[in-house]
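Here the structure is laid out as structure tokens; the discussion comes afterwards.
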């Protein structure tokens, strides 16, 4: 698959491999260097070196080989099912499980668990048809939760359900409520963050407002409970979050932008958020508490709420004491 881009006006000269790595979310700098060495990249119609400096007006073209489809198998991983019928499934995802296979997490994912669940419920053909819904690497998925995030997810079991649910997510009519435990005392009772975000220009693993491809992102929130004092060093706030859009890492980035990163979120808060007193916090304290949507076949409104998992509840009890 061939891609094209023109270096925009005002862009400072930089190495070709660096430029492309900050403008493509799915390719690392090393992968881009391999493409250049293979002759799969041209600048103004000529084969360049990775170190060539690009400047405004340069036309860059590159070929990305089509990835080989993955063979993903089912695994007997327990699922906490809240609701299931012939077209969809609602579950309570535990923290610590990756939603779909990706580099470093080819097995033990929620998708592996779903494939096994579908196969175990009936004929093998049912499992095979489910594996093709929405793409073979992400069957049934219409939204995602980060590895460290727990809470309610809905899974499509048919193409029609996948299309119907995807349309609801795209038009932002899904009702979602998260609980976030953040560092420090959040000012006021309510707030709103309207900050466009995208892949960070310097660290491709992070999302930020420092990006060349900003996408609108809006998060509303209200304070639910405050804990500790600044003097004691264990000041924290439990926030009820209502995301109006669904960008990657949106809640984590928006709350960190206010100076209140999630407890346990080292990526956006550094080491200081990974402990309260003598207690180590091993994952971001974010929980998808409520999910409400319209059933894509019956038209009935469905809404599911689950309490925070044990580790988050334990931390809340500790802060209250």
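Points worth noting:
- In the stretch 238-255 there is no residue that is without any contact (Cβ under 8 Å) to a residue 24 or more places away in the chain and not assigned by TED's automatic domain parsing to the domain that holds residue 92.
- When the stretch 204-225 is filtered for residues that are part of a loop (DSSP other than H, G, I, E, B) and either out of contact with any helix residue (DSSP H, G or I) (no Cβ under 9 Å at 6 or more places or on another chain) or surrounded by 14 or more Cβ atoms within 10 Å (Cβ to Cβ) (or both), the ones remaining, listed by number, are 204, 206, 209, 210, 214, 216, 217.
Okay, residues lined up against (1) at pLDDT below 95; (2) within 30 Å of residue 142 (Cβ to Cβ); (3) under 22 Å from the mean Cα position of the chain (by Cα); (4) outside any loop (DSSP other than H, G, I, E, B):
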residue: 42; (1), (2), (3), (4): yes, no, no, yes
residue: 50; (1), (2), (3), (4): yes, no, no, no
residue: 62; (1), (2), (3), (4): yes, no, no, yes
residue: 67; (1), (2), (3), (4): yes, yes, yes, no
residue: 72; (1), (2), (3), (4): yes, yes, yes, no
residue: 75; (1), (2), (3), (4): yes, yes, no, no
residue: 79; (1), (2), (3), (4): no, yes, yes, no
residue: 92; (1), (2), (3), (4): no, yes, yes, yes
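- Exactly one residue out of 40, 95 is closer than 30 Å to residue 162 by Cα, surrounded by 12 or more Cβ atoms within 10 Å (Cβ to Cβ) and not assigned by TED's automatic domain parsing to the domain that holds residue 248: that is 95.
- Evaluating residue 302 against the criteria (1) in a helix (DSSP H, G or I); (2) over 22 Å from the mean Cα position of the chain (by Cα); (3) surrounded by 13 or more Cβ atoms within 10 Å (Cβ to Cβ) leaves one unmet condition, (1).
- For residue 295, the conditions (1) surrounded by fewer than 18 Cβ atoms within 10 Å (Cβ to Cβ); (2) touching a residue at least 60 places away in the same chain (Cβ under 8 Å); (3) within 26 Å of residue 191 (Cα to Cα) are fulfilled apart from (3).
The values are calculated or read from the model by the stated rules, or taken from the named source; none is laboratory data. What you see is a predicted model, and the numbers here were worked out from it, not measured in a lab. Cβ atoms come from the backbone with ideal geometry, glycine included; neighbour counts cover every protein chain shown.
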